[in-house]
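Enquirer: Quick one: this structure, given as structure tokens, is what I'll be asking you about.
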Amino acid sequence: VKWLSHIEVSDKESTNHFHYYDNRVLPSEVTAERANEEDWWHRPDFIINDINIQSAIRSPEHKEIIHPAPGKKYTVRGYAYGGGGRKVIRCEVSIDQGVTWMAAQIQRFEREWYKKNAKE
């Protein structure tokens with residue numbers, strides 16, 4: 001997660017290189033050459049304005065093997081965020097290759113972060 005320290009507001013669309021050439025999803029049949037020749041990069045229909053939900057597990061770590069004792073709990077930790085300012089409202093975890101799923105308890109830390117980092 002990256003936190004912003006500065007926002008610039010403009011009444012015009014950005015002319016930044018990445019806004020046009022990295023922030024687009026073109027149809028699969030459109031090659032880079034065709035996109036350049038026919039100026040597909042500047043067509044507003046293909047801009048990415050929202051992102052899909054992203055998530056990652058941070059504990060257990062990648063390739064870490066755990067051996068929880070019978071009847072004991074193991075806490076899985078991670079994060080998830082949604083695009084367009086929408087909250088993640090549900091998260092499920094599987095420990096048997098996706099055969100069964102358990103609802104995860106979601107903890108939200110935004111309010112605490114803002115309180116701790118707010119400038120007065």
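Enquirer: Return only the number of the condition from (1) assigned to a loop (DSSP other than H, G, I, E, B); (2) under 22 Å from Trp3 (Cβ atoms); (3) at pLDDT 85 or above; (4) not aliphatic (A, V, I, L, M) that Asn49 does not satisfy.
Expert: Unmet for Asn49, out of (1) assigned to a loop (DSSP other than H, G, I, E, B); (2) under 22 Å from Trp3 (Cβ atoms); (3) at pLDDT 85 or above; (4) not aliphatic (A, V, I, L, M): (3).
Enquirer: If you scan the range 42-62, which residues turn out to be under 23 Å from the mean Cα position of the chain (by Cα) and either of a type in the set (Asp, Glu) or over 22 Å from Val88 (Cα atoms) (or both)? Spell out how you get there, then give the answer.
Expert: Looking only at the range 42-62, we keep the residues that are under 23 Å from the mean Cα position of the chain (by Cα), and these are 44-62.
Answer for the range 42-62, where residues must be under 23 Å from the mean Cα position of the chain (by Cα) and either of a type in the set (Asp, Glu) or over 22 Å from Val88 (Cα atoms) (or both): Pro44, Asp45, Phe46, Ile47, Asp50, Glu61, His62.
Enquirer: I'm told Ala56 meets every condition in (1) closer than 30 Å to Phe109 by Cα; (2) open to solvent by 60 Å² or more (accessible area, probe 1.4 Å); (3) at pLDDT 85 or above except one. Can you identify the failing condition by its number?
Expert: Going through the list (1) closer than 30 Å to Phe109 by Cα; (2) open to solvent by 60 Å² or more (accessible area, probe 1.4 Å); (3) at pLDDT 85 or above, Ala56 breaks only (2).
Enquirer: Now for a different question. Let me spell it out: the conditions are (1) more than 30 Å from Ala103 (Cα to Cα); (2) in a loop (DSSP other than H, G, I, E, B), and Glu33 meets all of them except one. Which number is the exception?
Expert: So Glu33 meets the others, but not (2).
Enquirer: I need the full set of residues from the range 95-111 which are outside any loop (DSSP other than H, G, I, E, B), of a type in the set (D, E, K, R) and either under 18 Å from the mean Cα position of the chain (by Cα) or modelled with pLDDT of 90 or more (or both), in order please. Let's see the steps before the verdict.
Expert: At the first step, the residues of the range 95-111 found to be outside any loop (DSSP other than H, G, I, E, B) are 102-103, 110-111.
Filter again for of a type in the set (D, E, K, R), leaving 110-111.
Correct list: Glu110 only.
Enquirer: Any residue that is aliphatic (A, V, I, L, M) and surrounded by 10 or more Cβ atoms within 10 Å (Cβ to Cβ) - is there at least one of those in the range 107-119?
Expert: Kept after step one, since they are aliphatic (A, V, I, L, M), are these residues of the range 107-119: 118.
From what is left, the residues that are surrounded by 10 or more Cβ atoms within 10 Å (Cβ to Cβ) are none.
No, there is no match, as no residue in the range 107-119 is aliphatic (A, V, I, L, M) and surrounded by 10 or more Cβ atoms within 10 Å (Cβ to Cβ).
Enquirer: Could you please find all residues in the range 68-88 being within 11 Å of the chain's Cα centre (by Cα) and surrounded by 12 or more Cβ atoms within 10 Å (Cβ to Cβ)?
Expert: Scanning the range 68-88 gives Tyr79, Ala80, Tyr81, Gly82, Gly83, Val88.
Enquirer: Assuming Ile65 fulfils every condition listed in (1) touching a residue at least 40 places away in the same chain (Cβ under 8 Å); (2) more than 22 Å from the chain's Cα centre (by Cα) apart from one, which condition is it?
Expert: Failing condition for Ile65: (1).
Enquirer: Another one. Quick one: in the range 20-51, which of the residues that are farther than 30 Å from Lys87 by Cα and aliphatic (A, V, I, L, M) is surrounded by the most Cβ atoms within 10 Å (Cβ to Cβ)?
Expert: Restricting to residues being farther than 30 Å from Lys87 by Cα and aliphatic (A, V, I, L, M), the top hit is Ala35.
Enquirer: Does Gly98 fit the bill of being open to solvent by 50 Å² or more (accessible area, probe 1.4 Å), of a type in the set (Gly, Ala, Ser) and more than 20 Å from Lys2 (Cβ to Cβ)? Can you show your working first?
Expert: Values: open to solvent by 50 Å² or more (accessible area, probe 1.4 Å): no; of a type in the set (Gly, Ala, Ser): yes; more than 20 Å from Lys2 (Cβ to Cβ): yes.
No.
The values are calculated or read from the model by the stated rules, or taken from the named source; none is laboratory data. Not measured: the values here are computed from a predicted model. For neighbour counting, all protein chains shown are included, and Cβ atoms are generated from backbone atoms with ideal geometry for every residue, glycine included. Areas reflect the complete protein model, heavy atoms only, side chains present, ligands, DNA and RNA absent. Shrake-Rupley method; radii C 1.70, N 1.55, O 1.52, S 1.80 Å.
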